[in-house]
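Read the structure below first, then the notes.
The values are calculated or read from the model by the stated rules, or taken from the named source; none is laboratory data. If you're wondering where the values come from, they're calculated on a predicted model, not measured in any experiment. No Cβ is skipped: glycine too gets one built from the backbone with ideal geometry, and neighbour counts run over all protein chains shown. Calculation scope for accessible area: heavy atoms of the full protein, side chains included, ligands and nucleic acids excluded. Shrake-Rupley method; radii C 1.70, N 1.55, O 1.52, S 1.80 Å.
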Amino acid sequence: MTDDKDVLRDVWFGRIPTCFTLYQDEITEREAEPYYLLLPRVSYLTLVTDKVKKHFQKVMRQEDISEIWFEYEGTPLKWHYPIGLLFDLLASSSALPWNITVHFKSFPEKDLLHCPSKDVIEAHFMSCVKEADALKHKSQVINEMQKKDHKQLWMGLQNDLTSFGPSIGNSWNILQRKMDFVTSLLEYTRQQLNGLSFRSFFVLWLQMDNCIH
């Protein structure tokens, strides 16, 4: 992976202009205006859309609100896939902003996993990082990191990536030195990955990464 900090910064702080629109069949007390947001490519939908949820709940009755979920052109968006991966698979050839539809009912049980809390997102994220590290580095990276490093990486995602990046000194050094497979992950994603499981995606990415280096 290149040592060019400018390239790493572009990857880590990459954003996707997105327009969230409430599904037309949702019951509202008044018209729901669209909500615009710059989504971090290396984060997760359910981690960065609290403002979206609050925006639309203002025009809805509490009894009409259940678990939030998102779809793009009829395809439910898997929250456990990174945002950049979802965009590259489904909408990279579309004009910006990325138009995502918001739902509060009829959760697609067969297509999506439930996400009851941010603890679930953290557990999933760290599991994926550990699996990628085991395949590429035989778990050497994770084993060398202290618990505070794990937490710092997670907090960087949770806090919109601003506490863990090229301008943060030691935090960025940890990422650059030990976590290159996290920052480069989305850059090797292509349309032909559509339909692969998340684990299969990691395996394929690792094979591609080994060929490049």
Quiz item: Label points 7 Å out from Cα along the Cβ direction at SER92 and SER117: separation in nm?
Solution: 3.6
Quiz item: Once a ≥ b ≥ c are taken as the square roots of the eigenvalues of the Cα gyration tensor of the range 15-103, is the result rounded (a/c under 1.5), prolate (a/b larger than b/c) or oblate (a/b not larger than b/c)?
Solution: prolate
Quiz item: Under a 1.4 Å probe, what is the accessible area of the range 2-122 per residue, stated in Å²?
Solution: 52
Quiz item: Just the accessible area for ASP50, please: 1.4 Å probe, Å², rounded to the nearest 10?
Solution: 70
Exercise. Kindly flag which residue pairs out of LYS78/LYS138; LYS78/LYS105; LYS58/LYS78 have an alpha-carbon separation exceeding 20 Å in this structure.
Key: LYS78/LYS138; LYS58/LYS78
